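Quick note: the coordinates plus some simple rules give every number you see, no bench work behind them. Everything quoted here is computed from the prediction, not taken from an experiment. Here the Cβ positions follow ideal geometry from the backbone for every residue, glycine too, while neighbour counts run over all protein chains shown.
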Amino acid sequence: MLDDAKVIQDIIKRLRELNPEPPPKYPYREKFLVYLKQWQKEHPDRYKIYKEKYEVTEEGKASKIVRRHRRRARMLEAGGSFTAEEWELKKKEFDYRCAYCGRKTKTLTVDHFIPLNKGGTNYIENIVPACRQCNSHKWDKDPSQFKFSGPAQLVMVKLHPK
């Protein structure tokens, strides 16, 4: 019975009648994009300010990261904050390498060495750059629970000099 193509097509047709296609998630997206391009042409000075402030530029991307972590720390009632310049200096201090595995990557993420939900702060002293893989693997583990796969001693020395 299911070997016949007409039977299969009939079943598919009936299923589509029962479950029609959902409406598009963003029905006005194309219209909005046209409006946005027009607005950018009509207001180049305002668009330039927007680009500098938000994530169109590298500084904007860094400030977005900082704002996101500041908000998260506030929600978890953890103290402290850091600036985009401090984050850039921290990445430079680690030679743009992951603090845990030592891999050099373009997309370093902010990792709280002592997690915010375990009593850590959002001050730059508690922040290390981590690749996405290590940051995801560490999740909210304490440094004592996390098995370092690379130059972990480097992290400990930089965070807690003797």
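Residue by residue through the range 86-95, what is 3J(HN,Hα) from phi via Karplus (6.51 cos²θ - 1.76 cosθ + 1.60, θ = phi - 60°)? Round to whole Hz and write x for glycine and proline.
Couplings: 5, 5, 5, 5, 5, 5, 5, 4, 8, 6 Hz.
List the residues, sorted by chain then number, that are 5 or more residues from D111 or on another chain and whose placed amide H is less than 5 Å from its amide H.
Here V128, A130 satisfy the definition.
Run lengths n ≥ 4 of DSSP H only: what is the helix-derived mean residue ellipticity at 222 nm for the chain, with -39500 (n - 2.57) per run over all residues, to the nearest 500?
Only helices count here, giving -15500 deg cm²/dmol.
How would you rank W39, W87, going from fewest to most other Cβ atoms within 10 Å of each one's own Cβ? Walk me through the intermediate numbers first.
Values: W39 11, W87 20.
Ordered from fewest to most neighbouring Cβ atoms within 10 Å, W39, W87 come out as W39, W87.
Which distance in nm do the two modelled labels at E52 and D142 give, with both placed 7 Å along the Cα-to-Cβ direction?
A separation of 4.7 nm, rounded to one decimal place.
Distance between the C-alpha centers of the range 80-118 and the range 22-78? Whole Å please.
The two parts, judged by their Cα centres, are 23 Å apart.
Exposure proxy check: H137, H112 ranked by fewest other beta carbons within 10 Å? Don't skip to the end; give the middle numbers.
On the way: H137 15, H112 24.
Going from least to most buried by this count: H137, H112.
Is the C-alpha gyration tensor of the chain telling us rounded, prolate or oblate? Criteria: a/c under 1.5 is rounded; beyond that, a/b larger than b/c is prolate, otherwise oblate.
Numbers: a/c = 2.83, a/b = 1.53, b/c = 1.85.
Oblate, because a/c is 1.5 or more while a/b does not exceed b/c.
Relative to the Cα centre, what is the charge dipole magnitude of the range 1-153, using +1 at the beta carbon of each Lys and Arg, -1 at the beta carbon of each Asp and Glu, and rounding to the nearest 20 debye?
Numbers: 33 positive and 22 negative charges, 39 e Å.
Dipole about the Cα centre, nearest 20: 180 debye.
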